[in-house]
Amino acid sequence: MKTLLIFPPQWIPYQPYLSLPSLTAYLKEHGVDTVQYDFNLEAYKVFFSEEYLRSLKSGLNAEFKRLDSSRSLSPVDQQYYNDLFIANTSLERVAGGISQAKKVFHDKNRYYDPDTLAQARETLNQAMAIISTAHFPTRVDLSSFEMGAYLRSYRDIKDSTADNEQNPYIKLCREKLLPFVAECRPDIIGISVAGDSQLLPALTLARQLKSANPQVHIVIGGYIVSLLADVIARHEELFKLFFDSAVVNEGEQPLLELANCLRDGRSLSEVPNLP
């Protein structure tokens, strides 16, 4: 059984979470063919690129012209109008400087220069602000992800994970993750949700993966999944649209047993820590 373990967005890019590497090592030690994929970093590679940032320009201009032609604007639209103006006027400068800003984080000398590091971080923050404006009212930064329509109900989850305009991870998944999975050809895909900022992106990826790969067993786990174990158990529809199983608490032994049960055709009732 081949297992693909995915660490989803949205997580701080310069503070890697070590649970997934530990889990990967455990499975490999016990003979499970395991591939680890940090899709969080992959997302940042795309977001922090000149090509991606400049691809947002036409949409930003169209929205600015739409609001600019309005006779009156609500307070929300006034803020949006202001954000669009800032995004449009700063996009070329930010896109042109994003490559150098990224290099600072890999430079042993410039990284420890306070002024240089602060400027690089500001460029990254401005890039995230532009991306947020392009997917308004979504707000995304280096440590958080929020969608305006998401109020933590199942309906909100279902709507938000299918919203192509407000959810940047749908297109990213189709263009980057699905081709990788097709090449990898796993039997099991595990998605680790370590923080609240990852929940919607993780479910977005899970929904796309389950739809495109109905023969693959999708399992989610991680700290947030453990916190929501009772909620997940009460919503059977989650298992139809997003994933096939969920692991709570420690994941090493449950994932190993899951792989063995699926390989041998045994009941998943033998797998520990499944709600």
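Of the residues Glu51, Glu63, the single one that is at pLDDT 95 or above, under 25 Å from Leu142 (Cα atoms) and either within 20 Å of the chain's Cα centre (by Cα) or of a type in the set (Lys, Arg) (or both) is Glu51. Of all the listed residues (Leu238, Leu256, Leu200), the sole one being touching a Phe, Trp or Tyr at 6+ places or on another chain (Cβ under 8 Å), within 20 Å of Asp33 (Cα to Cα) and outside any strand (DSSP E or B) is Leu256.
Report yes if Ile188 is touching a strand residue (DSSP E or B) at 6+ places or on another chain (Cβ under 9 Å), of a type in the set (Val, Ile, Thr) and crowded, with 21+ Cβ neighbours inside 10 Å, otherwise no. It is true that Ile188 is touching a strand residue (DSSP E or B) at 6+ places or on another chain (Cβ under 9 Å), of a type in the set (Val, Ile, Thr) and crowded, with 21+ Cβ neighbours inside 10 Å.
Out of Gly97, Gly148, which single residue is on the phi < 0 side of the Ramachandran plot, open to solvent by 20 Å² or more (accessible area, probe 1.4 Å) and not in a helix (DSSP H, G or I)? Only one candidate passes the filter, namely Gly148.
Applying the criterion of being under 13 Å from the mean Cα position of the chain (by Cα) and of a type in the set (Gly, Ala, Ser) to the residues of the range 142-159, the residue that is modelled with the highest pLDDT is Ser144. Going by the structure shown, is Met128 touching a residue at least 40 places away in the same chain (Cβ under 8 Å) and touching a strand residue (DSSP E or B) at 6+ places or on another chain (Cβ under 7 Å)? Spelling it out, Met128 is indeed touching a residue at least 40 places away in the same chain (Cβ under 8 Å) and touching a strand residue (DSSP E or B) at 6+ places or on another chain (Cβ under 7 Å). When Leu203, Leu262 are screened for being closer than 22 Å to Tyr150 by Cβ, in contact (Cβ under 8 Å) with a residue 40 or more places away in the chain and buried (at least 18 other Cβ atoms within 10 Å of the Cβ), only Leu203 passes.
Taken over the range 24-46, the residue count meeting the criterion of being farther than 20 Å from Asp196 by Cα and touching a residue at least 24 places away in the same chain (Cβ under 8 Å) is 9. Within the range 38-84, the residues that satisfy the criterion of being closer than 28 Å to Leu205 by Cβ, charged (D, E, K, R) and part of a helix (DSSP H, G or I) are Glu42, Lys45, Glu50, Glu51, Arg54, Lys57, Glu63, Asp83.
Each residue in the range 265-275 was checked for being out of contact with any helix residue (DSSP H, G or I) (no Cβ under 8 Å at 6 or more places or on another chain) and either part of a helix (DSSP H, G or I) or touching a residue at least 24 places away in the same chain (Cβ under 8 Å) (or both), and 1 of them qualify. Residues in the range 1-59 that are of a type in the set (Asp, Glu), surrounded by fewer than 18 Cβ atoms within 10 Å (Cβ to Cβ) and in contact with a strand residue (DSSP E or B) (Cβ under 8 Å, 6 or more places away or on another chain): Asp33 alone. If you check Asp68 against the conditions, is it open to solvent by less than 50 Å² (accessible area, probe 1.4 Å) and farther than 21 Å from Gln10 by Cβ? Considered against the rule, which asks whether it is open to solvent by less than 50 Å² (accessible area, probe 1.4 Å) and farther than 21 Å from Gln10 by Cβ, Asp68 comes out as no.
Checked against (1) out of contact with any Leu (no Cβ under 6 Å at 6 or more places or on another chain); (2) in a helix (DSSP H, G or I); (3) in contact (Cβ under 8 Å) with a residue 60 or more places away in the chain, Ser143 passes all but a single condition, namely (2).
The values are calculated or read from the model by the stated rules, or taken from the named source; none is laboratory data. Since the structure is predicted, the reported quantities are computational estimates derived from the model, not experimental observations. Note that we place each Cβ from the backbone using ideal geometry, even for glycine, and neighbour counts take in every protein chain shown. The accessibility values were calculated without ligands, DNA or RNA, using every heavy atom of the protein model including side chains. Shrake-Rupley method; radii C 1.70, N 1.55, O 1.52, S 1.80 Å.
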